[in-house]
């Protein structure tokens, strides 16, 4: 029988995104219900997660750049066709980080934005993101629920593989397909 780590990795297929940007690379993962065009009513669309890997500065003489942190933006299009964005920086492996609920700055005083539907999988608390180091690399692991109550969806598992070192000309992030 396969161990849990191997089972999880076998469920993930990776699609290489060709990027030519040095130091910072952007990639976007979409939930399974994502559509190229928004619906005309709620729910307008799903969730996307944008990632940018940050590596240590170039040294002299040149050497491999090591992963320093990953900037993540979780954008929920469920109740707002423009999307409601929450940002987080993950700088450590093996630790679950909360996906913060962004503030609605159109009201005074600012309040949590009720158009952001991302939450914990048990309908309480906040959604979670984690960089998980395995024998085959570093993966972005997700654990959250989103959407309108009658049609909420759960997202669990590895969605991106992020290279621990960056060498010029290589693609450091692979998004699951």
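The values are calculated or read from the model by the stated rules, or taken from the named source; none is laboratory data. Just so we're clear, the structure is a prediction, and the values are computed from it rather than from any experiment. Positions of Cβ are generated from backbone atoms using ideal geometry, with glycine treated the same way; all protein chains shown enter the neighbour counts.
Right, residue 124: farther than 15 Å from residue 67 by Cα, in a loop (DSSP other than H, G, I, E, B) and modelled with pLDDT of 95 or more or not?
Details: farther than 15 Å from residue 67 by Cα: yes; in a loop (DSSP other than H, G, I, E, B): yes; modelled with pLDDT of 95 or more: no.
It is false that residue 124 is farther than 15 Å from residue 67 by Cα, in a loop (DSSP other than H, G, I, E, B) and modelled with pLDDT of 95 or more.
In summary, strands (runs of 3 or more DSSP E) completely within segment 1-110 and bearing 1 or more residues that are touching a strand residue (DSSP E or B) at 6+ places or on another chain (Cβ under 8 Å) and either closer than 15 Å to residue 166 by Cα or modelled with pLDDT under 95 (or both) occur at 14-16, 25-30, 47-55, 65-76. Is it true that residue 114 is assigned to a loop (DSSP other than H, G, I, E, B) and at pLDDT 95 or above? When the stated conditions are applied, residue 114 passes them.
Within segment 143-177, the set of residues being surrounded by 14 or more Cβ atoms within 10 Å (Cβ to Cβ), closer than 30 Å to residue 65 by Cα and over 14 Å from the mean Cα position of the chain (by Cα) comprises 163, 164, 166, 171, 172. The C-beta contact set for segment 54-80 (first residue surrounded by fewer than 16 Cβ atoms within 10 Å (Cβ to Cβ), second residue part of a loop (DSSP other than H, G, I, E, B), distance under 6 angstrom, 6+ apart or interchain) comprises 64/167; 66/56; 68/56; 69/91. Of everything listed in (1) surrounded by 12 or more Cβ atoms within 10 Å (Cβ to Cβ); (2) touching a residue at least 24 places away in the same chain (Cβ under 8 Å), the single unmet condition for residue 91 is (2).
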